[in-house]
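Read-outs: derived from the displayed coordinates by stated rules, not from any lab. Only a predicted model underlies this, so the values are computations on that prediction, with no experimental measurement involved. So basically every Cβ, Gly included, is an ideal-geometry build from the backbone, and we count neighbours across all protein chains shown.
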Amino acid sequence: MDPLALALLPGIGPKRLLEVLKAEDPLGFLRERFPEAWRHLPEAEAQAERERRRAEALGVRLLGLWEEGFPEGLRALPQPPTHLYLKGELPPEREAVALVGTRRASPWALAFARRLARELAEAGLWVVSGLARGIDREAHLGALEAGGRTLGVLGSALDRVYPPENRPLAQRMDLLSEFPFGTGPKPELFPRRNRLIAGLCRAVVVVEAPLDSGALITARHALELGKEVLAVPGRPTDERSLGANRLIQDGAYPVLSAEDVLAYLGMSARPKPLPGLSPEEEALYALLQEKKEALPEALAMALGIPPERVLSLLTLLELKGLARALPGGRYGPG
């Protein structure tokens, strides 16, 4: 019988699906053990055919729990999806890190998430998130800015990308959903989406999250699966950071930079190629990497050159993506 049709039957979850498929006579077994589901088989077979035609039209691949190519991290879930809709590719679990957080993020958290994702992608990691507003969106954008790969796991069908303003972004990414075509966003679907994010990744980083954030659901699933959970600390009085701060209190590793994530995972950042620097630019760039951040006057003193020359060199390095202006007139490596 058609495994996809079986997966689409009401009342047939992952355990029953595999039980039926392993039977010597799957159709007879289904009729005998699950008569109510069996009565809906004709409709399920028609729906399975529609799903395949729609998938082919959209360039989407269907992955079933019964197939060898089904991701092992999702197979290990207590309630794995019976099948998946994939546009693009899935990351190897050891190369994937989830960045999640609140939709109503503060400006500093949005900027931090984007930079963190960019630097993790530069180190060769896939960035996985939920394509929601706020932290998720910035995580995907940061990875794309680095020329890296990013996977959006949806709480709706792949033909109903939500929120609508993220649809242009979705076209630049790999996408995954467990929901049949035509399924719109519903509040009860997002926690299901979150368990997929946790199952696909080596670690989950919570950037900013209040106590009722769905990001904490992702973190809980990760802990239940034996995955690493990290969190970015925020102000103790900021409600938007209470969830992330509580995770740190409970043992999550605190993240202040991409280097913290990479070191915790036993990785190191890839050295950036130097795009034809002059000797002065090379010396200044090396000093920025050493100091992490400094005032132009301090850099001028360390290099023994005039401050106005340092400002000129900093501008050149900024244009090459190797320096960036920081608050308080300081500069750091780009």
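Put simply, of A44, A48, A55 the only residue that is more than 30 Å from the chain's Cα centre (by Cα) and either in a helix (DSSP H, G or I) or surrounded by 13 or more Cβ atoms within 10 Å (Cβ to Cβ) (or both) is A44. The one condition from (1) over 11 Å from the mean Cα position of the chain (by Cα); (2) surrounded by fewer than 24 Cβ atoms within 10 Å (Cβ to Cβ); (3) over 24 Å from R50 (Cβ atoms) that S156 does not meet is (3). If the condition is being assigned to a loop (DSSP other than H, G, I, E, B) and surrounded by 13 or more Cβ atoms within 10 Å (Cβ to Cβ), then the stretch 293-326 contributes E293, L295, I305, K320, L322, L326.
Here G11, G69 are screened, and the one residue that is closer than 23 Å to I197 by Cα and in a loop (DSSP other than H, G, I, E, B) is G69. Out of L230, L223, L216, one residue alone is surrounded by 15 or more Cβ atoms within 10 Å (Cβ to Cβ) and either free of Cβ contacts under 8 Å to residues at least 24 places away in the same chain or in a loop (DSSP other than H, G, I, E, B) (or both). It is L223.
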